[in-house]
1. Please work out the FRET efficiency for the pair A:Asp85 and B:Ala360, using the Cβ-Cβ distance as r and a Förster radius of 51 Å; give the result to the nearest 0.05.
2. Please compute the Kirkwood hydrodynamic radius over segment B:124-247, one decimal place, Å, based on all pairs of different Cα atoms.
3. Highest mean first, how do B:72-82, A:283-293, A:152-162 rank when packing is the count of other Cβ atoms within 10 Å averaged over residues?
4. Antiparallel DSSP bridges in the protein assembly as shown: what percent, to the nearest 5?
5. Which far-off residues, 5 or more places away or on another chain, put their amide H under 5 Å from the one on A:Cys240, with H placed in the peptide plane?
6. In chain A, what % of DSSP beta bridges are antiparallel (nearest 5)?
7. Residue by residue through B:364-375, how many Cβ atoms from other chains fall within 10 Å of the Cβ on average?
8. Short version: ³J(HN,Hα) in whole Hz for each residue of segment A:27-33, in order, from phi by Karplus 6.51 cos²θ - 1.76 cosθ + 1.60 (θ = phi - 60°), x for Gly and Pro, what are they?
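Any read-out appearing in this document is the output of simple, stated calculations on the displayed coordinates, not a laboratory observation. As the structure is a computational prediction, the values presented were derived from the model and not from experiment. Every residue, glycine among them, receives a Cβ derived from its backbone with ideal geometry; neighbour counts consider all protein chains shown.
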Protein chains: 2
Amino acid sequence: MLKTLEKKDENVAAVMRRLGEQARAAAHPLAIASSAAKNAALDAMAEAILHREEHILAANAIDMENGRKAGLADSFLDRLKLSSDRIRAMADGIRAIAALKDPIGDVIAEWDRPNGLHIERVRTPLGVIGVIYESRPNVTADAGALCIKAGNAVILRGGSDSVNSSAAIHACLVDGLASAGLPEEAIQLVPTTDRAAVGEMLKGLHGAIDVIIPRGGRRLVERVQTEARVPVFAHLEGICHVYVDRSARLDMATEIVVNAKMRRTGICGAAETLLVDRAVASTHLVPILDALAEAGCEIRADSETRALYSAARPAADADWVTEYLDAIISVKLVDGIGGAIDHVERFSSHHTEAIVAEDAAAVARFFNEIDSAILLHNASTQFADGGEFGMGAEIGIATGKMHARGPVGVEQLTSFKYRVRGSGQIRP
Amino acid sequence: MLKTLEKKDENVAAVMRRLGEQARAAAHPLAIASSAAKNAALDAMAEAILHREEHILAANAIDMENGRKAGLADSFLDRLKLSSDRIRAMADGIRAIAALKDPIGDVIAEWDRPNGLHIERVRTPLGVIGVIYESRPNVTADAGALCIKAGNAVILRGGSDSVNSSAAIHACLVDGLASAGLPEEAIQLVPTTDRAAVGEMLKGLHGAIDVIIPRGGRRLVERVQTEARVPVFAHLEGICHVYVDRSARLDMATEIVVNAKMRRTGICGAAETLLVDRAVASTHLVPILDALAEAGCEIRADSETRALYSAARPAADADWVTEYLDAIISVKLVDGIGGAIDHVERFSSHHTEAIVAEDAAAVARFFNEIDSAILLHNASTQFADGGEFGMGAEIGIATGKMHARGPVGVEQLTSFKYRVRGSGQIRP
């Protein structure tokens, strides 16, 4: 029922090279495809996914069975598992992407020159995007659909544990492309679980890949950053901070800290470190830590904090650079806004940081002097999300500073070019 | 008089590592420096360059003498040579950069969310920029000043033949920084001519360099693209095309083609290939080629063109992918706009292309289907220039699609971050 995923008679480099050539060839028709054609393809993909629910669940059952035999952790199996609900959510996600405004051809800026030339900067697709991800099979659908919406071809390399699920989903995406008259090769799924395929993608497949987007844990991202010879939208870990300034309202600070840490602990925008202004240690620290503890959070603190809150465990050096992704928080007293900035600039992964304060001067320094992708004032770090930003679906949060930063949505998957209109101008 | 450029007691990697650390440390104060401080530094740099003209000319005389002894080509020596005029132009260039609007802190976009969050996307510096260039010592001043204006620290690695000239100019830039109270380490000049230093820069100096900008010939750019482990603003060669459509006015086409090719043949926006619509071969081809020949241009053409214009030499396959940077043009007849698009997409370096046409449908296809950084309608390719675009000084024309594309001016040397203002919002 499933496609043969291994082509044992060919070596990985040759398979990948052909994949790259096919994606590159598909990129041009995709780049000039109409919005209507792209949206028709996306709607057909969603339709196909709903239609073939049983088939996808059967494929997923094989992956789950293999995963259990291989002794995968429960949390891993939970990410791998599909259900009717999750399949419906996948289809809804693709339809939401279809409903987004088409970014391609958008005039981002335009101006006239004294010599009469009219210059426009217009959005264009990036070309071919390589997405390398781990266990969640739904990334196949999300990433594929987002790339198509932005007029890009895409090469998807899912985790080896979700290979059957991803192949079943991929077949739906390809059918959607075909039904809208778009090239089927615009969404390629790497047909081998050989890890050498990732190496080939990171080398860029002889110029066929324009950018790599890794979506996964620290080890994947580190491999990508070490090996990639093409641009990468880096998604480092989220070591996110909440700083409670001396001017903070205690009730607001407490609500924001508890939400930033505990609403969902496993997302990259979850807070990992709480910094409290030493000036309000005596009034603010204990109530906030009590609320965290009551919500089930383990507290690891510096010695000063522990002197005021003895239930805290001692924090080790490693705690300031650890993304717990769990109900654990590190806590430190700092010397006002300056101390907070120093700590964040030293230990942050430059993902997302929040300040709780009423003092405009402290907020201005926080916003000006900290160079993280997302800075929030009097709001929870858990808003670090493309949907919450109003950008629609996202493929992740970029922590690098090149091209894309923060939520990577459909606009961030584009480039631009200049169109210059003249009436015979030559340069003197 | 000149600084000692070689530190023989240290290895190159150690020297470069320290350089990177110093630049990284300088990047933060530079990033939060006021516009006034940055502009004061730039003005003081220009002042210092004018003041020390004699000193700079003396250093340049040493480079010229060494260059002559080494048997460098005249064209190379011409690029290396400084004069009073060139020194004044350098100072004027820095002042023009000072006069540009400061991009840092600019709100690029802002919007409100239904939950009351107000989101701003604001420009930030990139961080530390590595610039690798060749013979022209004035790049030291241009690149240094542009990076400072955009709040970045910069590591400059000039050509080994211009080492004394670059050092003398660099000393003026450092004095300008110091006089405005900005860190002197914000503009570093690599103090060794060892080529291993370039290798260290391309490896990113242990995270100290955010982006590399190569400015030089094909060999330099190829080395950078092969070895770089950090993002690169690619500046490939400019294999620029002019397409003369059947709807073109002959007088306009002739003027534009001659200007695009012959105004200055050595710049990257100079045309290298002329494509003429077969439908107007009998009327347009000969007059245009006559005008080129009269202007002193050698013509290398396909056999069809030669049948109509016997003075042309035969074009070899290599001619379609050669950046002559000289008074030579390759010429081909094509099958209308579709044929022109096919040729350009196959052979272009995606720098700049122009169409001469009166037919709006042909122009629309040219603008839509060709994916080059700059597309022009009824205007010369020689307008491919940051100054001509109204962007002020530029550090080159990027042919890649990531982050910067087209002229790389002060705005292109920035990144952005999000500032989110709330009033206690937590995520449900």
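1. On the way: r = 51 Å, r/R0 = 1.00.
The calculated FRET efficiency here is 0.50.
2. Values: mean 1/r = 0.0655 Å⁻¹.
This gives a value of 15.3 Å.
3. Values: B:72-82: 15.5, A:283-293: 18.1, A:152-162: 25.2.
Packing proxy ranking, top to bottom: A:152-162, A:283-293, B:72-82.
4. Working: 30 of 116 bridges.
Once the DSSP bridges in the protein assembly as shown are tallied, antiparallel ones form about 25 percent.
5. Under 5 Å from the amide H of A:Cys240: A:Glu272, A:Thr273.
6. Numbers: 15 of 53 bridges.
Roughly 30 percent of the beta bridges in chain A run antiparallel, per DSSP.
7. Values: counts 0, 1, 1, 7, 7, 3, 2, 9, 3, 5, 5, 7.
What the average comes to for B:364-375 is 4.
8. 5, 5, x, 5, 4, 9, 5
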